[in-house]
Each structure stands twice: as C-alpha cells, then as structure tokens.
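Comments concern the structure below.
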Amino acid sequence: MDKEANPMDYFNLIDKSVRKLDSFIRDIIDFSRNARLEIEPNRVEFEPLIKDIFEDVHFLENYSKFRQSVLIHTRKDFQSDSKRIRIILSNLISNAIKHHLERENITPEVIIEIKDSGKGVNITVKDNGPGIEEKYLQNIFKMFFRATDRTPGSGLGLYIVEETVTKLKGTITVSSVIDQGTTFTVFLPNLHK
C-alpha cells in the first residue's frame, strides 16, 4: 500500500529474510542429525558431491563472481558418511562465497583439493577472501561465534563443521592471513564397513 516505495524492494527484503531463516533451519537440522544418527559408511564420490554443493549455493549473492577450482586425487574405495561430508563441504564452500570482499584486480576464488593420505583423505578448502583476524581463530568453531558482522549468519556453521568432523573421527585446522584468505584443512579417516 506504500505508494512511494518500490514494491520490489520489499520483495527483496522478504527474499533475504526467507533465505536467512532457511539457512538457520538447515543448520539446526544438520546439528540434530549429526548428534543423534549413527555413522553410515559408504563409498564417497567427491566429484558429483562437490558439483551438487555448487548447484545448491548458486543462489548466494556473490556466486557468479567466483572462480572455482576442484582437484581430486583419491582412490575409489574411500568410505565415510557422505551425508556428513556434504555438511562439512557445504558449510566451508558457502562461507568462502559469503565472506569474500570486493577488491580491485582480484577475482574471488575458492579452491577445493582432496588428496588420498593412505589412511584417509585430506580435504583443503582455500579462498582468497578477507581472512580472519588471528585473535578470532581460536573461537571460530564455538557455537554462535561470529568473527564479523559484515555478512548475515547464525554462527552455527563452523560449529557444526567441527562437530561433524569429530563424529567422523577426523580433525580440522584453520589458517588465515588478513586480506589474503583462509584455508581449512580437514583429515577424514577411511571408515570401512
């Protein structure tokens, strides 16, 4: 009924709110599933899994600006819980896209590398975004912690990532340099049935 405002502005606000709420609900569901469901090892096929994740996050505001590099060097017999691995990769990839900064002459990039380690796989998700201040690095995996208010979020994503990695008997580390980017390194053991 507001005659002076553009109705599309309201629709955009509604759209943003719905997407934020949807993201929060997905985080809660992922957390709940991870806590109560048993691990179901199966053969993990990383290439189609990552392709699906990129299709899921294509609606993110900065997606079209991003260059993606995916390097996969694993044996075909790696087994783990592919649903949980999807949660881990989805959170790390969407964070790289959501938190990038516009910088002149720098194309935003996310690099995913998956390598066989003999006893499992090492997964690296690296971006060339704004980085995380060193004083915040020890807190980023805490529930509801947010290192910045530049972008919306619940502060649950990295908490869920760490909980999921732990459930899969793996480890996660992070390194970051301000204005150069952040690298998450995940080790996941091969969970044979």
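For segment 166-178, putting each phi into the Karplus relation 6.51 cos²θ - 1.76 cosθ + 1.60 with θ = phi - 60° gives couplings of 4, 4, 8, 6, x, 9, 9, 10, 9, 9, 8, 10, 4 Hz, in residue order, rounded to whole numbers and with x for Gly and Pro. Projected label points at GLU4 and ILE72, each 7 Å from Cα along the beta carbon direction, are separated by 5.5 nanometres. Under a 5 Å amide H cut-off, with hydrogens placed 1.01 Å from N, ASN42 pairs with SER80, ASP81, SER82 among residues at least 5 apart or on other chains.
No lab work stands behind these numbers, since they all come straight from the coordinates. Every value quoted in this text rests on a predicted model; they were computed, and no experiment measured them. All Cβ positions, glycine included, derive from the backbone under ideal geometry; neighbour counts span all protein chains shown.
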